[in-house]
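The values are calculated or read from the model by the stated rules, or taken from the named source; none is laboratory data. On a predicted model such as this, the values are computed, not experimentally measured, just so you know. As a convention, Cβ positions derive from the backbone with ideal geometry for all residues, glycine included, and neighbour counts pool all protein chains shown. When the accessible area is computed, the model is the full protein with side chains, heavy atoms only, and any ligands, DNA or RNA have been set aside. Shrake-Rupley method; radii C 1.70, N 1.55, O 1.52, S 1.80 Å.
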Amino acid sequence: MSGIKPVPDRLGEFAANPSTAPVVMLNLLKFKRGGGSKEYSKYATEFEKLLNRAGGRFLYLGRAAELLVGDEEWDAVALVEYPSRKVFLEVTQSDEAKAIAAFREAGLERTVLYATDPRR
């Protein structure tokens, strides 16, 4: 079951990964009814500023359209690139990110977040 906050054990595993390579985060997003997408949009706008300052970027942010495989529906998909896992942790745990977290929490019903490594 997905929520909206990282599971501490999994976050610890992520932090312990010694890779210094860029990491792309896959975000599956389900918005709260009655304005969740607008609240999340406020978060995304402000978060993008933090992300860009840290050398990261949104690779893709789009609406989930037709579901072809599976049975779990999402409203949006985002691919976010960070220069490294360390930078992801610095950005997402910064005071600036904490200051805008209320928009994220107001907007999301649930989410799935995967750290991805390039296929070699």
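Would you calculate the separation in nanometres between label points at V77 and T45, each defined as 7 Å from the Cα along the Cα-to-beta-carbon direction?
2.6 nm
Let a ≥ b ≥ c be the square roots of the eigenvalues of the Cα gyration tensor of region 25-120; is it rounded (a/c under 1.5), or, if not, prolate (a/b larger than b/c) or oblate?
It is oblate, given that a/c is not under 1.5 and a/b is not larger than b/c.
Starting from the Cα of A106, step 7 Å toward the Cβ, then list every residue of region 1-44 with an amide N under 17 Å from that point.
What the label zone holds, given the 17 Å backbone N cut-off, is 31-44.
Cα centroid distance between region 99-114 and region 11-68, in Å?
Centre-to-centre (Cα) distance: 9 Å.
So how strong a dipole does the chain carry about its Cα centre when Lys and Arg Cβ are +1 and Asp and Glu Cβ are -1, to the nearest 20 debye?
Using Cβ point charges on Lys, Arg, Asp and Glu, the chain gives about 220 debye.
From the phi angles alone, apply the Karplus equation (6.51, -1.76, 1.60; θ = phi - 60°) to region 67-83 and give each ³J(HN,Hα) in whole Hz, x where the residue is Gly or Pro.
Once θ is set to phi - 60°, the couplings for region 67-83 become 8, 9, 9, x, 9, 9, 9, 10, 8, 8, 10, 9, 10, 10, 9, 10, x Hz.
What is the extension gain from V7 to K98, computed as 0.36 nm multiplied by their sequence separation minus the C-alpha to C-alpha distance, in nm to one decimal?
Contour length minus Cα-Cα distance gives 31.1 nm.
May I ask you to give the solvent-accessible area per residue for region 37-120, in square angstrom, as obtained with a 1.4 angstrom probe? Present the calculation step by step, with values, prior to reporting the outcome.
Details: 5580 Å² over 84 residues.
Ligands and nucleic acids excluded, the figure is 66 Å² per residue.
At most 11 other Cβ atoms within 10 Å plus a DSSP loop assignment makes a site exposed; report the longest stretch of the chain without any exposed GluC sites (Glu not before Pro).
1-65
How much of the accessible area of the chain, in percent, comes from carbon and sulfur atoms when a 1.4 Å probe is used?
52 percent
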